[in-house]
Every structure is written in structure tokens, then in C-alpha cells.
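All remarks here apply to the structure that follows.
The values are calculated or read from the model by the stated rules, or taken from the named source; none is laboratory data. As the structure is a prediction and not an experimental result, all values here were calculated from the model. Reconstructed Cβ throughout: ideal geometry from the backbone, glycine too, with neighbour counts over all protein chains shown.
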Amino acid sequence: MTTSAKNQYQAGDPRQIVRWARRYAQSRTISFLVQWVFIVVMVMGIGLAASLTQAAHQEGKTATFALSVIFMFLAALALVWFSVSRWSGELVFSITNWLYGREGYVSYSGNDPDKSLPLWLTGLGGGLLAYHLLGALLISFNYMHIKYMQPWSAAYMTPYLILMVVYQRLGFWAWLWPVLYGLHAVALMLGLPVRFGRELELFNIIAPIFAYGLIAILVGHAYSRYALRKLKSLTQSSIPEYDDEASDAGEEKDGGSPANG
Amino acid sequence: MDDLDRTIHEPARLRILTLLSGVDEADFSFLLNTVGLTKGNLSSHMDKLEKAGYVTIVKTFNGRIPHTDFRLTPEGRSALEKYWEELDAIRAMHDARE
């Protein structure tokens, strides 16, 4: 099987190109980084507006309160719009292509591109929102302490994201986020010193989401540099060009291309 | 050696097809950067592979910017698999003689 990357070929066998091409395509994480930056900026905007709203409310500044509520609403709207709009998808694609520059574009999903996610997985995605809403309600009505917010989230997010990573056949780097997020929850439950204090309680969920996301993306990007170097050297060394004499003869026979064997 | 598909047996085209067999699609810049050919040579090889029915060209637009990707066709995939099988058989025969 030529195209199976599972086969074990000897070092230098050209068929190893298949494996390294996939590894490289799977670890191109710049598009995730671009999305990460946009989302962090918008979430920070919402957080800033929320802090302003709270401060204005406490100090009784009605105009500032109204403005910050409007700003918070617009930032939340922008986040939702960014997540679903075609324009933002094209923007991320353009920035990604620009950042990859001469490397060009390559993709590997391992799945039929026309095949959509199975219904049960889409259903689990919807359940994700309902589950977190339930957690927020339990905290609001004092049925659950806020310190359990991240472990509560991880109990759903970790297995759900692992399923997504497996289904979408993402590279090994994509495992890092759910695994680290799950381990963080375990560390919090064990009382290890990884928690933010009372005034920064929200950071106990925001920081793991963004920090582990960034770690996973950067590890993926670093691996893609290695995979690309390996792919180039393997492609050019495992299938050598013919010698010049044969190549010249081939050019004549073959309309300007290098020689046929 | 006579049985080997000469379209595939050419080193540059073998590189291109092997690369494409590992991914869903790739664009011209990626192939240029990885395979190590000049633009003219790569274009010429892609033309030959397209004419042989081994690759398909997918033209899309990202906004107003045109984007050209290449994909291995099912015919290209099975021809490449057959090529490797035949090459393995030739190598095995050669090893047996030695």
C-alpha cells in the first residue's frame, strides 16, 4: 500500500514522504494561532467592559455604566460574528497564507472533505454549551462553589475535545490542550498550588483555556518546522534526479521536462 | 523496467505524486518549495500529470484572490500503488539473483 502512512518502510524509502507530508500538514498551526489572537483580543475586550460595568455600577456613574454595557454587548456580538462569519474565515485564511509565505498551502484531514461531522458528535457540541450554562447556573445559585468551575468544565471539555482530535485526525500537538486542561482540573482538585486567588477567580478558567491553547499551538508550529525540513530532505534525497546526460536526453524526448527513466 | 509507468517513473513526477498521496491537497508554492524544481519545470510536470488523469486542479477564490490546488485522483492513487508494487517486485527479483 503506497499511500498508507502506517507501513514501516526502511530509512530513506521514498514512501516515508507520505508520512512526513501528513505530519507537516497536520502540524501547521498558524491558522489556529491567528484565530487564538483574535479570540483573546475579543475576550479581553469583553472582560475589560465587564470590569468597567461593575466599577461604574458601584460608583453610580450612569453614563459610563451605559457605555460599558453597550461596549460589552458589541464585543460579545463581535465574538459570535467572528466565530460564524465567512469573512472572518477568509481573513484568517489570508493572514495564514501570508505568514506561511513561500511554504505554500497543504492540507490533510484524513476524512472525506464532503462528509460532515456525525450527528452524535454535533450533538455533543451542543451539549457543551448546555453543560457550561448549567455549571454557571449552579454557581450563581450557590449549589456549587466557583472553585469547581474549571474541573466542572474539564469533565466535559477533555473527553469531548479528545473525541474531536481523534475524529479530525489532528496532529499530536492537538492532544496537548485537552490533556493539559484535564490535568489542570486534577491539580486544582488535589489542591496543588495552581489556582489564582479570590479576586482573580475567573482566571482559574480563562488562563488554562488560553495558556494551554497557546502551548499546544506553539508546540505544533515548532514540530512543523522540523517536519518540513525532514520532508524536503527526504523528498529530494530519496528520489534522486537522473544524471545530467540522461536528463538532457530526456528533455529532448519529453518536451522540456527532466528525463524519463 | 519496461512495465513501469513512465509518467510516474520520472523522478520529479514521482516526488510530486508521492507527496500528493500523503495529503488532501497542496498548492503550487508548496510543491515548488518541497520538490525543488523551477516554476517552469513544475508547471510542465503538473500538465503531464493532469493530462494522464493522475492529478486534478482545483481552482477556488479566497475573496478576490484566485487559489490553485492540486489533488491526486483515484486513478493517480491506484497507478502510484501499482508503480510501487512493480518496483518492489523488480527489487525482489534483483535481490534474489544476487
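List of remarks:
- When the range B:57-73 is filtered for residues that are of a type in the set (Ser, Thr, Tyr), modelled with pLDDT under 90 and in contact with a Phe, Trp or Tyr (Cβ under 9 Å, 6 or more places away or on another chain), only B:68 remains.
- Taking the range A:132-177 as the range and being assigned to a helix (DSSP H, G or I) and either of a type in the set (Ser, Thr, Tyr) or in contact with an Asp or Glu (Cβ under 9 Å, 6 or more places away or on another chain) (or both) as the test, the residues that pass are A:140, A:146, A:147, A:148, A:149, A:153, A:156, A:158, A:160, A:167.
- The single condition from (1) surrounded by fewer than 20 Cβ atoms within 10 Å (Cβ to Cβ); (2) aromatic (Phe, Trp, Tyr); (3) in contact (Cβ under 8 Å) with a residue 24 or more places away in the chain that residue B:61 fails is (3).
- Only one entry of A:32, A:82, A:38, A:65 meets the criterion of being under 16 Å from the mean Cα position of the chain (by Cα), assigned to a helix (DSSP H, G or I) and farther than 22 Å from residue A:203 by Cα, and that entry is A:82.
- So residue A:65, is it away from chain B (no Cβ under 14 Å) and touching a His at 6+ places or on another chain (Cβ under 7 Å): yes
- Among the residues of the range A:178-202, those identified as assigned to a helix (DSSP H, G or I) and modelled with pLDDT under 85 are A:198, A:199, A:200.
- Residue check for residue A:138: exposed (fewer than 15 other Cβ atoms within 10 Å of the Cβ) and out of contact with any strand residue (DSSP E or B) (no Cβ under 8 Å at 6 or more places or on another chain): no
- Selection within the range B:20-75 - at the interface with chain A (Cβ under 10 Å from one of its Cβ atoms), of a type in the set (Val, Ile, Thr) and closer than 22 Å to residue A:15 by Cα: B:23, B:34, B:35
- Matching residues in the range A:41-72 - criterion: being surrounded by fewer than 16 Cβ atoms within 10 Å (Cβ to Cβ) and at pLDDT 85 or above: A:41, A:59, A:60, A:61, A:62, A:63, A:64, A:66, A:67, A:70
- Here residue A:20 fulfils each of the conditions (1) in contact with a Lys or Arg (Cβ under 9 Å, 6 or more places away or on another chain); (2) in contact (Cβ under 8 Å) with a residue 24 or more places away in the chain; (3) more than 14 Å from every other protein chain (Cβ to nearest Cβ); (4) of a type in the set (A, V, I, L, M, F, W, C) apart from (3).
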